[in-house]
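Novice: Structure in structure tokens, see below.
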Amino acid sequence: MIPGFASRRRFADLSEQEVLALAISSEEDDGRIYRSYAQMLRSDYPASAALFDGMAVEEDQHRIRLIDLHRARFGDVIPLIRREHVSGFYARNPVWLTANLGLEKIRAAAGQMERDAAQFYHRAAQATSDAASRALLGDLARAEAGHVATADALTAGVQAAGTGEAEAAHRQFVLTWVHPGLAGLMDGSVSTLAPIFATAFATQDTHTTLLVGLAASIGAGISMGFTEAASDDGAISGRGSPVKRGIAAGVMTTVGGLGHALPYLIPDFWTATVIAMIVVFVELWAIAWIQNRYMQTPFLRAAFQVVVGGALVFAAGALIGAG
């Protein structure tokens with residue numbers, strides 16, 4: 001036992017029976033994880049789900065071979081020993097930690113699982129003196145190494161079978177994050193122009209303008225976030241989690257408004273106003289770029305739309321403030 005860690009043991013201190021028992025429980029856990037991955041991916045990424053189903057079946061076959069070996073050498077009673085009982089042994093994150101992290105995170109997690117398992121079987125084969133055990137553990141190490149190649153291929157991208165998963169993942173990213181974030185950035189950048197610059201030109205007081213800008217930006221962000229989250233639960237539209245969409249819309253709305261409000265931290269009115277105008281130009285350019293990059297809107301048309309809209313709102317605010 002390790003001092004201070006009485007519930008954990010070194011791998012080198014395990015008996016051959018305990019190494020086999022650890023391998024059996026690990027294969028069982030990995031099979032369950034792969035089936036959970038397959039279940040999570042089945043509706044949107046059927047090819048990857050099928051691959052994880054196949055990997056789960058292979059883990060079951062490994063477990064059966066290990067149980068047969070244990071029965072032949074040590075009998076039917078398998079000691080209860082799991083990864084968490086062994087010091088320094090590779091850990092598996094709960095499936096719920098990867099449930100909302102997307103296809104690429106799941107693929108990467110699967111690749112790491114197989115690398116860890118291959119390394120374990122190499123160590124286990126070296127730790128046994130029984131020829132049959134060494135042969136089986138060596139076979140399993142090679143099998144897990146083969147899984148590593150499969151998982152690495154998954155991580156690099158969807159196989160050439162042509163399932164359209166990469167396109168589906170990109171589309172889901174756009175629907176869940178980019179579209180509501182862009183709507184929020186447009187709302188925050190454009191709609192707050194009028195109250196901020198109306199206050200600026202009416203008072204020529206940077207402190208007052210800053211307070212109005214903060215209130216308008218944060219208030220608009222909260223409003224947009226809740227509106228986006230409450231407008232569609234994503235079940236029918238397929239736009240994804242309402243919480244994620246609400247966060248994207250709310251944060252980007254606030255950022256869009258704060259961009260031209262924060263320059264009024266500068267005490268000099270005209271310096272702050274000129275910088276705020278420059279920031280507005282950068283914000284409008286960013287909106288046009290996002291529209292062109294993710295929405296396939298021609299850049300010149302996107303730029304014309306946001307510039308005209310922004311100019312009209314800015315002019316309305318400046319005229320009202322000057323009057």
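The values are calculated or read from the model by the stated rules, or taken from the named source; none is laboratory data. Quantities reported herein were computed from a predicted structural model and do not represent experimental measurements. A quick note on method: Cβ atoms are made from the backbone with ideal geometry, for glycine too, and the neighbour counts reach across all protein chains shown.
Novice: Among the numbered criteria (1) more than 30 Å from H62 (Cβ to Cβ); (2) modelled with pLDDT under 85; (3) in a helix (DSSP H, G or I), which one does L211 miss?
Specialist: Going through (1) more than 30 Å from H62 (Cβ to Cβ); (2) modelled with pLDDT under 85; (3) in a helix (DSSP H, G or I) one by one, L211 breaks only (2).
Novice: Given the options T271, T203, T227, T192, name the one that is of a type in the set (S, T, Y), touching a helix residue (DSSP H, G or I) at 6+ places or on another chain (Cβ under 6 Å) and either without any contact (Cβ under 8 Å) to a residue 24 or more places away in the chain or more than 30 Å from S43 (Cα to Cα) (or both). Let's see the steps before the verdict.
Specialist: Details: T271 fails: touching a helix residue (DSSP H, G or I) at 6+ places or on another chain (Cβ under 6 Å); T203 fails: touching a helix residue (DSSP H, G or I) at 6+ places or on another chain (Cβ under 6 Å); T227 fails: touching a helix residue (DSSP H, G or I) at 6+ places or on another chain (Cβ under 6 Å).
Of the residues listed, the single one that is of a type in the set (S, T, Y), touching a helix residue (DSSP H, G or I) at 6+ places or on another chain (Cβ under 6 Å) and either without any contact (Cβ under 8 Å) to a residue 24 or more places away in the chain or more than 30 Å from S43 (Cα to Cα) (or both) is T192.
Novice: A follow-up question, please. Name the one entry in A198, A220 that is in a helix (DSSP H, G or I) and modelled with pLDDT of 90 or more.
Specialist: Details: A198 fails: modelled with pLDDT of 90 or more.
Exactly one of A198, A220 is in a helix (DSSP H, G or I) and modelled with pLDDT of 90 or more, namely A220.
Novice: Also, I was wondering about something else. Checking the structure you have, find out if any residue of the stretch 46-67 is modelled with pLDDT under 85, of a type in the set (S, T, Y) and part of a loop (DSSP other than H, G, I, E, B).
Specialist: No, that holds for no residue.
Novice: In the stretch 236-277, what residues are in a helix (DSSP H, G or I) and hydroxyl-bearing (S, T, Y)? Even if it seems obvious, please write down each step before you answer.
Specialist: Restricting attention to the stretch 236-277, the residues satisfying the condition of being in a helix (DSSP H, G or I) are 242-259, 262-265, 269-277.
If the condition is that a residue be in a helix (DSSP H, G or I) and hydroxyl-bearing (S, T, Y), then T253, T254, Y264, T271, T273 are the ones that fit.
Novice: Answer yes or no: is there a residue in the stretch 259-266 that is of a type outside the set (D, E, K, R) and under 27 Å from the mean Cα position of the chain (by Cα).
Specialist: Applying the first criterion (of a type outside the set (D, E, K, R)) to the stretch 259-266 yields 259-266.
Narrowing the set further to residues that are under 27 Å from the mean Cα position of the chain (by Cα) leaves 259.
Taking every residue of the stretch 259-266 in turn, at least one turns out to be of a type outside the set (D, E, K, R) and under 27 Å from the mean Cα position of the chain (by Cα).
Novice: Any residue in the stretch 22-34 that is farther than 19 Å from R107 by Cβ sitting within a Cβ distance under 8 Å of a residue that is outside any helix (DSSP H, G or I) and modelled with pLDDT of 90 or more? List the pairs, counting only those 6 or more apart or interchain.
Specialist: Within 8 Å, the pairs are I24/I78.
Novice: Give the residues of the stretch 104-148 that are among the basic types (K, R), in contact with a Ser or Thr (Cβ under 6 Å, 6 or more places away or on another chain) and farther than 19 Å from I64 by Cα, sorted by residue number.
Specialist: As a first pass, look at the stretch 104-148 and keep what is among the basic types (K, R): 105, 107, 115, 123, 134, 142.
Of the ones still in play, those that are also in contact with a Ser or Thr (Cβ under 6 Å, 6 or more places away or on another chain) are 105, 107, 134.
Within the stretch 104-148, K105, R107 qualify.
Novice: Still on this structure, I have one more. Say we look at the stretch 104-157 and pick out the residues that are in a helix (DSSP H, G or I) and among the acidic types (D, E); which of these is modelled with the highest pLDDT? Working first, answer last.
Specialist: Step one: of the stretch 104-157, the residues in a helix (DSSP H, G or I) are 104-127, 131-156.
Cutting the leftovers down to among the acidic types (D, E) gives us 104, 114, 116, 139, 144, 152.
On the way: E104: 70, E114: 78, D116: 79, D139: 82, E144: 75, D152: 55.
Here the residue is D139.
Novice: Additional query: What number of residues in the stretch 277-308 are among the charged types (D, E, K, R) and in contact with a helix residue (DSSP H, G or I) (Cβ under 8 Å, 6 or more places away or on another chain)?
Specialist: Just the residues of the stretch 277-308 that are among the charged types (D, E, K, R), to begin with: 283, 293, 301.
Restricting the remaining residues to those that are in contact with a helix residue (DSSP H, G or I) (Cβ under 8 Å, 6 or more places away or on another chain) gives 283.
The total comes to 1.
Novice: Identify, from the list A322, A316, the residue that is farther than 21 Å from H170 by Cβ, surrounded by fewer than 14 Cβ atoms within 10 Å (Cβ to Cβ), of a type in the set (G, A, S) and at pLDDT below 80. Spell out the reasoning first.
Specialist: Numbers: A316 fails: surrounded by fewer than 14 Cβ atoms within 10 Å (Cβ to Cβ).
Of A322, A316, the one residue that is farther than 21 Å from H170 by Cβ, surrounded by fewer than 14 Cβ atoms within 10 Å (Cβ to Cβ), of a type in the set (G, A, S) and at pLDDT below 80 is A322.
Novice: State which residue pairs qualify: first residue crowded, with 18+ Cβ neighbours inside 10 Å and inside the stretch 240-264, second residue not in a helix (DSSP H, G or I) in any location, beta carbons under 7 Å apart, and separation of 6 or more residues or different chains.
Specialist: Listed by first residue and then by second, the contacts come to G240/G234; P242/D232; P242/D233; P242/G234; R245/R239; G257/T192.
Novice: Spot the failing condition for S43; the list is (1) closer than 14 Å to Q17 by Cα; (2) surrounded by fewer than 14 Cβ atoms within 10 Å (Cβ to Cβ); (3) at pLDDT below 85, and only one is missed.
Specialist: (1)
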